[in-house]
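These notes are about the structure you will find just below.
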Amino acid sequence: MRKIIWTIGILSLFYNYSFSQKIDTKLEKKLKPILDSFHGTAGVYVENLKTGKIVAINADTIFPTASIVKVPILTTLYSQIDSGKLKFSQPLLYKDSLKYGGSGLMQFFKDSTKTDIGTAAALMIDYSDNTTSLWLQSLIGGSDKVNNVMANIGLHDTRDNSRTNRESFRKIYGWGQTTPREMATLLKLIFQKKILTPSACESMYRTMSHVYYDNFSLSQIPPYIQTASKQGMVDDSRSELILVNAPHGDYVFYIATKNNQDKRWVVDNEAWEMQRKISSVLWNYFEPKYGWKPANEHEKYLEK
């Protein structure tokens, strides 16, 4: 049965590549000037899951994932939970030797703190925890396992480059690489329960619905609308993956950037401003009569 589920996901992905999807030209005209004005390289893939219409601008260009590679790691982790190699509630023991800097909370835990796989996965996605991400990556067998799972799904350019024999790719793209179309497709397949088992997909989607970093694209979507997301950012690349469970139809989008001229870590960084603008355009385009906009003075809550 599991093999059949994987096959359905692969066939679904190949279908999207093999047959022309209808371009939403009206939406494309709204988004293209935003991307064209960006000081760097930007791409976007948007798909309305109800109508099947898409916008694809530089959607097959390879971009760095930064922390968005944690979604493929999560998918691989759940594939091993599905197969019985690991358990969601499996106990783990944190050691200081696992500590890795950057984003996240686990690095501040005391040595010998008890935790479990489910908690580590939540920290990896919701707080983009680097320590638990590398810990889980090692636990599932390393980057090669992640890349095998991505290849089996049919994702040709989505790869984990860390601690593997992909050093030449790591020097270009960092921890991971993907295209806007592929990463949006991965989240779509999770949402539609077309890879792994339905229970695994639902659990992954729940985890991705609790993300802390809501000050970028998510800030332009009503807080009471469910979303699943992951953000990734380094100095010269800021990207975001979002699926919105909108009232009049779900939609998924991936905004990718690289070669960013604005490398500042401030709230009005050009890439983050572009992400907010695109997200606002999409929400108002798909939900024109909803009548919501960010509250007055919401800007003071954008800096985290």
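The values are calculated or read from the model by the stated rules, or taken from the named source; none is laboratory data. What you see is a predicted model, and the numbers here were worked out from it, not measured in a lab. Every residue, glycine as well, gets a Cβ built from its backbone with ideal geometry; the counts of neighbours run over all protein chains shown.
Within region 212-226, being crowded, with 19+ Cβ neighbours inside 10 Å and either β-branched (Val, Ile, Thr) or within 11 Å of TYR78 (Cα to Cα) (or both) holds for one residue alone: ILE221. Here TYR205 fulfils each of the conditions (1) of a type in the set (Ser, Thr, Tyr); (2) within 18 Å of ILE68 (Cβ to Cβ); (3) in contact (Cβ under 8 Å) with a residue 40 or more places away in the chain apart from (3). Contact map, region 68-83: residues that are under 22 Å from TYR212 (Cα atoms) and free of Cβ contacts under 8 Å to residues at least 24 places away in the same chain paired with residues that are of a type in the set (A, V, I, L, M, F, W, C) and crowded, with 24+ Cβ neighbours inside 10 Å, Cβ distance under 6 Å, separation 6+ or inter-chain. No pairs are found.
Checked against the criterion of being touching a residue at least 24 places away in the same chain (Cβ under 8 Å), under 20 Å from LEU35 (Cβ atoms), among the acidic types (Asp, Glu) and touching a helix residue (DSSP H, G or I) at 6+ places or on another chain (Cβ under 7 Å), the candidates GLU270, GLU240 yield just one match: GLU240.
Against the conditions (1) in contact with a Gly (Cβ under 7 Å, 6 or more places away or on another chain); (2) modelled with pLDDT under 95; (3) loosely packed, with under 13 Cβ neighbours inside 10 Å, LYS22 satisfies every one except (2).
Counting residues in region 59-79 that are on the phi > 0 side of the Ramachandran plot, exposed (fewer than 15 other Cβ atoms within 10 Å of the Cβ) and at pLDDT 90 or above gives zero. Taking the criterion of being surrounded by fewer than 23 Cβ atoms within 10 Å (Cβ to Cβ) and either assigned to a strand (DSSP E or B) or among the β-branched types (Val, Ile, Thr) (or both), the only residue of region 118-139 that qualifies is THR119.
The conditions of being part of a loop (DSSP other than H, G, I, E, B) and charged (D, E, K, R) are not met by ASP144. When residues in region 220-245 are screened for being touching a Ser or Thr at 6+ places or on another chain (Cβ under 9 Å) and within 22 Å of MET204 (Cβ to Cβ), 16 of them pass.
Each row is one residue, and each column tells you yes or no for (1) modelled with pLDDT under 95; (2) under 17 Å from ILE140 (Cβ atoms); (3) not basic (Lys, Arg).
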{"site": "ASP157", "(1), (2), (3)": "no, no, yes"}
{"site": "SER162", "(1), (2), (3)": "yes, yes, yes"}
{"site": "ARG166", "(1), (2), (3)": "yes, yes, no"}
{"site": "GLY176", "(1), (2), (3)": "no, yes, yes"}
{"site": "THR179", "(1), (2), (3)": "no, no, yes"}
{"site": "THR185", "(1), (2), (3)": "no, no, yes"}
{"site": "LEU189", "(1), (2), (3)": "no, no, yes"}
{"site": "GLN192", "(1), (2), (3)": "no, no, yes"}
{"site": "ILE195", "(1), (2), (3)": "yes, yes, yes"}
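Is there any pair linking a residue in region 276-304 that is closer than 13 Å to VAL46 by Cα to one that is of a type in the set (Lys, Arg) and assigned to a helix (DSSP H, G or I), with Cβ under 7 Å and at least six apart or on different chains, and which? Pairs that qualify, where the first residue is closer than 13 Å to VAL46 by Cα and the partner is of a type in the set (Lys, Arg) and assigned to a helix (DSSP H, G or I), are VAL281/LYS30; TYR285/LYS30.
Being within 23 Å of GLY104 (Cα to Cα), surrounded by 13 or more Cβ atoms within 10 Å (Cβ to Cβ) and either in contact with a Leu (Cβ under 9 Å, 6 or more places away or on another chain) or at pLDDT 95 or above (or both) is a description that does not apply to SER280.
Residue by residue, here is whether (1) under 20 Å from ASP160 (Cβ atoms); (2) within 20 Å of the chain's Cα centre (by Cα) holds:
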| site | (1), (2) |
| --- | --- |
| LYS30 | no, no |
| LEU35 | no, yes |
| HIS39 | no, no |
| VAL46 | no, yes |
| ASN58 | no, yes |
| LYS70 | yes, yes |
| LEU77 | yes, yes |
| PHE88 | no, no |
| TYR94 | no, no |
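Here PRO288 passes the criteria (1) surrounded by 18 or more Cβ atoms within 10 Å (Cβ to Cβ); (2) more than 20 Å from SER128 (Cα to Cα) except the one numbered (1).
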